[in-house]
Each structure stands twice: as C-alpha cells, then as structure tokens.
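Have a look at the structure below, then the notes.
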Amino acid sequence: MSTSRSLNAFPVVSIATEKTLKLSNFTAIAIPVKSGDLAEPAELQISKALHKIAKDLNLSFEDIFKNWPDATGKAGELFEYPVSIGELKRIYFVGIGSASSDDLRKSAIALARKVKSSGSRVLDGLVTNSNTATNHAIALILASYIWNEKTAPKSGKKPQPASFAILGNFSDEIDFANILAKGVWQTRDLIHTPANVKNPLWMANQAKNLVNEISNAALSIKVKSGSELKEFGGLLAVGNSSPKPGPRLIEVAYTPRGSANWPHVVIVGKGITFDTGGVSLKRPYEFMVGMKSDMSGAAAALATVLNIAHLGKSAPKVRVTALLMCAENSLSATSQRPSDVIKHYGGTTVEVINTDAEGRLVLADGLAYADAKLDPDYLIDIATLTGAATLGLGRTHAAMYTRDDRLAAQIYKAGEEIGERVWRMPLIDDYKVALASEVADFNHTAEKPDFNGGSVTAALFLEHFAGERNWVHLDIAGPARSESDSGENPKGGTGYGVRVLTNWLTTL
Ligand code: BES
Ligand code: ZN
Ligand code: ZN
C-alpha cells in the first residue's frame, strides 16, 4: 500500500549570516517594511546587512516606494519589485507591522504564499530579533504546504519547493522551527491521505516508517491487534465495524537512557481513520465528508513524540509515550448498536447510546490503559471529539479541560507562544448525573437529562478513565481542520496540536 507523501517537498529554511552571505546564491530578497516606515522610505528600519545589500545593488528605496503610494507597512502587505541582477530576479518588500511575533508570522505567510512552489531561493531579511524567528520560520514552512496536485499553482511544471535563508544569528530558533514544522507537515500528510488508503494497519505502518527514519535508540514502537486487544472493549466495539484489518493500538515511546526518574507524559490520540457515525449514521451527510481527518489527534500525538526524539541533545528531560487509538467507525453487519453494553479496559461498563460518539469510547480505553500500566505524571488526550467544541469556540482555539490550574496555565502559555491557541473550559460537576445508566456504570453520551454542552459532558465522561492522574483533554474538532486554503493552513488538515504539545514538553 502506498505511503503518504505531500506533493511539495519540505522547503529548506536555513540561516545566512553577514559573514557567510553570498548574494549570488539567491533569486529573491525579502526586505521588511515596518508600519510607518513608508512616510520616510529612506529611513527604513532594516539591518545594516540589508542596507549594504541595497547599496551594492544600487537600490533606491525612495524611488521604489513611489510605485506604492497606498502602502502602510501592515503585517503581510507585500510589494514585488522585479530586478535582473545575475540570478536575482525579485525584491519583495514585506510589511512586518509592529514586528511582533504575530506580525512576523503574517509576513512569513505572505512571503511563502507568494513564492510557494516556485523554486525561488529567498534571502529573508524580515526577522529582526530572536523572539520572533521561530514562529516566522514555522510559518514559512507551513504556508508552503501542498497536498494535492490540483491545488498546486498551475505553472505547467512540477512544483519546486522554495528555500529560505533567514538573515541573522538565529540558528537555535531555526533548528527548533524546522523540527516543529516537519512534525506538523507529517501530521498533515497523514490527515490528507484518503480513508480508503488510511486504515488502522496503514497508520501503524506509517508510524513504524517514521520511527525508523529517526533511528534514535530511545524510540520504540509496539502495535497491538487482534487478541492482544481483547481487554480494549471500546476500541473493539468501534473498530470491529471494519474488521479488515480491524483496530490497532499503536504505542510509540521515547525513553532515553537514564530517564527512569524523569517526568513521564502519555499522550492518547483519537485515531478514527474515517467516521461514518456507524449505525447512528452521521447527518447531514455533508458533515461526513471531512471525517478522514478524525485521526488528527493520533497523528498529532505521534508527531509530538517524534519531535522530542528529533530534538536530540536539546530534547527536554521527559519520557513521552504516544498511544494512537486507531479504528474505523464504519456501518456494517459487525457495527455496534445503540443500546449495546461494552466493557472498557479496566472493567468499567458503558451503555452505548449514539454510535457516532465513538471517539470517547476509544479514548477511554487508552486513558485507562495508561493509568493502569504506564504510570504517567501527565496524562493528555487529544481528539477531534465534538462538534459542540467548534460551535463554542470556532476554529482558532482548542477546548482544553483539566482540574489542574498550573497545568492549564502552562499549556495556555505554550500555545500562545507558538501560535496554537487553547481556551480552558469548565468541567461542570452538576452535569455528571447525565452520565448515569440503568444497565451499565455509565451511558456514554450524557443523555439524561440533556444539559447540552456536548464538549463538556464528553470531557466529564473521559475524566473517569484518567483515574487520579494530572489529566488534560484537548478537544480539537475546530482547529484540526481548515475550511479554506488560508493563512498558514491548507484546506483540510492543519496539523493542530503538534506545536503546542511539543512546546509545552520543552518547558518540563
Ligand atoms: N468526529 C466527530 C466530531 C467532529 C465533528 C469532529 C465535526 C470534527 C468536526 C465525533 O465522533 C462525533 O460525531 N461527535 C458527535 C457526538 C454526539 C453524537 C454526542 C457530535 O459532536 O455531534
Ligand atoms: Zn462520530
Ligand atoms: Zn469522530
């Protein structure tokens, strides 16, 4: 079966220092324009190196800016100035607004979208300080992503990735950005792969390939299937609807030598390779079309543990285990039925109400298994769990649930820093009564009485399976997908979660 590969190769982002700089290596130069600069074009606040380059090229900013009387320098504004000096063909003047991290991200998106797949070699002079370099470089890479040939620019030729050399001494920041962005890129590849290719076995094989590519002895992978899953009643109930090849529990562990006493973080990801809703068929049917992305949480968990291994010597002192709960939620003669009673890992019984609420069933097994067997210091789950989370927060923020104020603050901060935002939601104890069942320990959709708040009640259900652990639930149904090709996201899977989780792990 084919492996997942995005159309466009990963663009190279490197560093150019004043000493190593060779102008003849580049086909384009990007020069920053701050808000307010344009009133006094000669006073552009750009680095000495760029001033020297402009001088060597005989560029007069004053003359150039006469062509753009409406310019404001707002972040993401872009003016293209054609030149023909050896291989150098374009100067891009790019608005960087107030030069904040967010503005540098916007400027990177504008630049990357402009040169996407053009094969350009860009000297990027937009970054003015190290605090903004990481997010700028990540955005350059993520905005360059293309999955499908049909969405590639129609130049007639196979798209060639652009490369970017960021001017300045930011090598640590750029190394980190490359690792993070590569993780997001791989996550997007997995999400974009169609569900007729991407079954749970395929996911396991992809995970094995990615683990092998890193060749770090601290990384290991185990895949459970068939009778090895007999205690995982939730994963089986969902995944047996598609018995060929059936569900998989993929366990990827990063356990470096000497890490026995380091904090252990277990990340459980929802890996539904397609969600039809099962017997409670998803309606309206248009909602089903995007459901190949219902494994986004598992893909993000995988990329996060791989990222930490990739960091090598600069990895934080943590142990990380990703549990990818992979199953297809299909409609077939072996589908579970509304009213079935299932037994989760650890023995809790659950009355299934609506088979479209399958995510919490596979996660419950993962959480209970982690609690019983892996002794996590932090237990995180990440899942495209409820439409309700999207109704509440839209697509920019994940809904975060935890009882731990300190952890909530840490994850919030990690997200704000790295451009993936979370918003803490309440675990409302008064709603717990809705999880009661006459035939099992719980009903799984909090049906009686119906408090609404579907994202909250899903979180309350999951919490039971996390035992007494420091647990965080991230409902990423909103930010995991983008409805359009915009900002740093392609239409489809965004790869949400990789950045915030990796960044948070580096603070432990
Ligand atoms: N995968 C869906 C949630 C989802 C919806 C993800 C939209 C991304 C975009 C999940 O399995 C589901 O169907 N949840 C139901 C739960 C309900 C039946 C209690 C939902 O949110 O409607
Ligand atoms: Zn569902
Ligand atoms: Zn689902």
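Data overview
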read-out	value
Options F451, V238, Y285, ranked by Cα towards positive dipole end of the stretch 193-497, top entry (Cβ charges)	V238
Cα shape, the stretch 226-368, gyration tensor, a/c 1.5 rule	prolate
Residue-level accessible surface for V433, protein heavy atoms, 1.4 Å, Å²	90 Å²
Protein accessible area in the chain, 1.4 Å probe - carbon and sulfur %	50 percent
Under 17 Å from the Cα of K230 - lysines, other chains or at least 8 residues apart	K222, K244, K343, K373
Accessible-area ranking of E149, E438, E62, E328, largest first, probe 1.4 Å	E438, E149, E62, E328
Cα-centre dipole for the chain with unit charges at Cβ (Lys and Arg positive, Asp and Glu negative), debye to 20	1600 debye
J(HN,Hα) series, the stretch 74-82, from Karplus relation 6.51 cos²θ - 1.76 cosθ + 1.60, nearest Hz, glycine and proline x	4, 4, x, 5, 9, 10, 9, 10, x
Computed lengthening from L57 to K491, 0.36 nm per intervening residue step minus Cα-Cα distance	152.3 nm
Student exercise, the stretch 13-175 dipole from Lys, Arg, Asp, Glu Cβ charges, in Debye to nearest 20	700 debye
DSSP beta bridge pairing in the chain, given as percent antiparallel to the nearest 5	40 percent
Mean accessible surface per residue for the stretch 193-497, computed with a 1.4 Å probe while every protein chain stays in place, in Å²	39 Å²
Candidate aspartates and glutamates - alpha carbon under 20 Å from K282, same-chain residues fewer than 8 apart omitted	D294, E328, D340, E351, D356, E358, E447, D450, D475, E483
Heavy-atom accessible area order for F274, F465, largest first, 1.4 Å probe	F274, F465
Extension gain, T349 back to N148 (0.36 nm per residue minus Cα-Cα distance, nm)	68.0 nm
Out-of-range pairs (alpha-carbon distance over 20 Å; input K224/K270; K66/K154; K22/K55; K154/K491)	K66/K154
Hull shadow area, averaged, the chain [alpha-carbon convex hull, nm²]	24.6 nm²
T273 long-range amide H proximity, modeled H, under 5 Å	A327, E328, N329
DSSP-defined antiparallel bridges as percent of all bridges, the stretch 325-480, nearest 5	35 percent
The stretch 13-175: Rg to Rh, with Rh as the Kirkwood radius over Cα pairs	0.95
Hits among lysines - C-alpha to C-alpha of K158 under 17 Å, sequence gap 8 or more where chains match	K114, K116, K150
Heavy atoms of S84: accessible area, 1.4 Å probe, square angstrom to 10	100 Å²
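The values are calculated or read from the model by the stated rules, or taken from the named source; none is laboratory data. Keep in mind it's a predicted model, so treat the numbers as computed, not measured. Here Cβ is always computed from backbone atoms with ideal geometry, including for glycine, and neighbour counts include all displayed protein chains. SASA here: full protein model, heavy atoms, side chains in, ligands and nucleic acids out. Shrake-Rupley method; radii C 1.70, N 1.55, O 1.52, S 1.80 Å.
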